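The values are calculated or read from the model by the stated rules, or taken from the named source; none is laboratory data. Because the structure is a prediction, the values reported are computed rather than measured. Cβ placement follows ideal geometry from the backbone for every residue including glycine, while neighbour counts extend to all protein chains displayed.
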Amino acid sequence: AMQGYGNPQINFAVESLMDILAEKLDMDPVELRLKNFVGKGDEFWGQGPTVRSIIRSCGVEEMLIEGAKLAGWNRRIPPSKKTGDIKRGIGVARGFHTSGTGGPNPGEVIDYSGATIKINEDGSVDVVTALMDHGGGTWDAAAKVVAEVLKVPFEKVGIYNGIDTRTTVFDVNTHATRGIYCGCGAIKYVAEKVKEILLNYAATLFKDLPENLELTC
């Protein structure tokens with residue numbers, strides 16, 4: 001399973017630069033970070049230069065302040081005041097991981113998912129999706145979503161991933177923690193549409209209203 005790959009490397013470089021800046025400005029590294037972060041209500045371009053997101057929650061300030069207290073940051077000796085060949089100390093760094101949950105406003109970056117669901121005569125369900133599974137259980141999650149919405153046994157839901165642009169609905173990718181949130185979100189939406197069709201058809205057979213019927217396993 002892979003998640004967040006690439007983030008530690010980039011954050012290491014950024015946070016190293018923050019420490020260099022703090023030293024040149026003769027400023028506490030924690031204070032510098034507290035003065036320079038985007039927080040709740042601010043705009044964020046983490047998904048690309050054309051995709052604007054609004055931060056709806058932020059714990060950076062609490063994390064830095066409480067973390068500094070727990071680490072005894074106020075007792076640390078600044079590197080510039082240490083002598084000798086061997087020096088010991090503590091440092092501070094923060095990072096973030098973007099995801100499909102950011103709800104960016106429309107931009108030039110295409111980020112959406114789709115799916116096709118087919119009900120078979122034996123009661124089994126086929127789900128066609130372009131979602132990939134890197135080992136995190138994305139396909140199992142998709143099957144569980146469909147099983148829950150359509151009230152069918154989990155083992156009767158088949159996930160088909162023979163990606164072909166002629167037959168498979170588009171999906172951006174399985175990355176940035178968006179697979180289950182966005183990909184399975186689309187699958188859930190399609191499953192609910194299928195459920196609506198099934199209940200409407202059943203209503204004609206039972207001569208009743210769809211809202212009076214429900215699916216059972």
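Quick rundown of the values:
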item	result
Every residue from the stretch 124-154 that is more than 16 Å from Glu192 (Cβ to Cβ) and touching a Phe, Trp or Tyr at 6+ places or on another chain (Cβ under 8 Å)	Asp126, Val128, Ala130, Leu131, Asp133
Contacts under 7 angstrom Cβ, first residue in the stretch 122-150 being in the same structural domain as Thr177 (by TED's automatic domain parsing), partner surrounded by fewer than 20 Cβ atoms within 10 Å (Cβ to Cβ) and basic (Lys, Arg), 6 or more apart	Gly123/Lys156; Ser124/Lys156; Val125/Lys156; Asp126/Lys118; Val145/Lys188; Val149/Lys188; Val149/Lys195; Leu150/Lys195
Hey, Gly89 modelled with pLDDT of 85 or more, closer than 30 Å to Gly135 by Cβ, in contact with a Pro (Cβ under 9 Å, 6 or more places away or on another chain) and not assigned by TED's automatic domain parsing to the domain that holds Asp133 or not	no
Residue tally, condition in a helix (DSSP H, G or I) and either modelled with pLDDT under 80 or more than 27 Å from the chain's Cα centre (by Cα) (or both), over the stretch 152-207	12
Search result, residues across the stretch 141-162 that are surrounded by 14 or more Cβ atoms within 10 Å (Cβ to Cβ) and either among the hydroxyl-bearing types (Ser, Thr, Tyr) or more than 28 Å from Asn200 (Cα to Cα) (or both)	Tyr160, Asn161
Identity of the residue in the stretch 116-126, more than 14 Å from Asp164 (Cα to Cα) and in contact with a strand residue (DSSP E or B) (Cβ under 9 Å, 6 or more places away or on another chain), that ends up surrounded by the fewest Cβ atoms within 10 Å (Cβ to Cβ)	Asn120
Single residue of Ala147, Ala130, Ala142, Ala186 found to be small (Gly, Ala, Ser), touching a Leu at 6+ places or on another chain (Cβ under 8 Å) and within 29 Å of Cys217 (Cβ to Cβ)	Ala142
Flag if Pro78 is touching a strand residue (DSSP E or B) at 6+ places or on another chain (Cβ under 8 Å), surrounded by 10 or more Cβ atoms within 10 Å (Cβ to Cβ) and either at pLDDT 85 or above or not hydroxyl-bearing (Ser, Thr, Tyr) (or both)	no
Failed item, numbered, when Leu70 is tested on (1) part of a loop (DSSP other than H, G, I, E, B); (2) modelled with pLDDT of 85 or more; (3) at negative phi	(1)
Residue match in the stretch 202-215 (condition: farther than 30 Å from Gly4 by Cα, in contact with a Lys or Arg (Cβ under 7 Å, 6 or more places away or on another chain) and surrounded by fewer than 19 Cβ atoms within 10 Å (Cβ to Cβ))	yes
Residue match in the stretch 119-129 (condition: of a type in the set (Gly, Ala, Ser) and not in a helix (DSSP H, G or I))	yes
